[in-house]
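This report concerns only the one structure given below.
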Amino acid sequence: FSPFMSFTFCFAAINVLTSISLGFNYTLNTGGSSVAIWSWIIGSFFTVLVACSLAEICSVYPSAGSVYHWAGQLVPTRNAPLASFICGWFNFIGNVSGDVVYSSGFASIISAIIVLNGKPPLSISVQVIISIGTVLTWCVINALRIDQQGWLNTLATFSQIFGILIFVTVLFIMIPQHATVHDVFLSTYNSTGFPFIYVCCISILSTLFSFSAGAHLAEETKHASRAVPRSLVGTCLCGAIVGFIYLLALLFAIPNV
């Protein structure tokens, strides 16, 4: 991996375009526009701080074990196996959960496209088959050589960035009526039944994740002790900015009805 490929691997892993698109409707129904935009800003800020801490550790231990190796290195020797075990399993569960969300979300998007064309939505069984097919496709991709995966993730990164630029341009130019600044930054909507302060707190729980993906390939990356830490921090900064722009475009495209 070149240092730039390390960055694109991290950026493709966080997948800003898909992450925001899949959770956008849910966020509006459970918090409203202001919760969507402010949770992204606050969550991104603290995520960057976490990335800086992980980058500092990665500069000392640029290993394929990544977070669960670091967990074992940063505790007393007798507690290292337990720390690595707990961290590794939490990391694994998080990755599996993300795979489930993205694969099922892809099937939901296909179903929504079919509905927009005037046809009935896909059945649950068909969506499950599409989700399984998506996961199998990822397995095939993981079997590629390291350099091939690097170029593929580079292509995915540029596709995300240019895709977001196209969406933002179309939304700002083609939408006849935009929301006001007050609507975007101050309007709220809580349909959960929970106290609003609780909704605000849980909305920040998931903003940017999987940015540590590049650390797992540190041993295949040139100048890993410098390149990978920069990739971690750079991915969070770029993801936060690109996601903020995309989120603004989506929110301003919704008129106050």
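Of note:
- Considering only residues in region 176-211 that are touching a residue at least 40 places away in the same chain (Cβ under 8 Å) and β-branched (V, I, T), the one that is nearest to V16 (Cα to Cα) turns out to be T207.
- When region 196-237 is limited to residues that are in a helix (DSSP H, G or I) and under 12 Å from the mean Cα position of the chain (by Cα), the one that is surrounded by the fewest Cβ atoms within 10 Å (Cβ to Cβ) turns out to be A213.
- Check on I173, without any contact (Cβ under 8 Å) to a residue 24 or more places away in the chain, assigned to a helix (DSSP H, G or I) and either of a type outside the set (F, W, Y) or in contact with a Phe, Trp or Tyr (Cβ under 6 Å, 6 or more places away or on another chain) (or both): yes
- Inspection of region 243-253 identifies no residue that is at pLDDT below 80, crowded, with 18+ Cβ neighbours inside 10 Å, within 25 Å of A36 (Cβ to Cβ) and hydroxyl-bearing (S, T, Y).
- Among residues of region 29-48 that are under 16 Å from V16 (Cα atoms), those with a Cβ under 6 angstrom from a residue that is part of a helix (DSSP H, G or I) and β-branched (V, I, T), sequence gap 6+ or separate chain, pair up as A36/T27.
- Within region 55-94, if we keep just the residues that are under 20 Å from the mean Cα position of the chain (by Cα) and under 20 Å from F1 (Cα atoms), the residue that is surrounded by the fewest Cβ atoms within 10 Å (Cβ to Cβ) turns out to be V67.
- Answer residue from region 1-54, given it is among the polar types (S, T, N, Q) and not in a helix (DSSP H, G or I) and is surrounded by the fewest Cβ atoms within 10 Å (Cβ to Cβ) among those: S2
The values are calculated or read from the model by the stated rules, or taken from the named source; none is laboratory data. Remember, predicted model here, so these are calculated numbers, not experimental data. Positions of Cβ are backbone-derived with ideal geometry, glycine not excepted, and every protein chain shown enters the neighbour counts.
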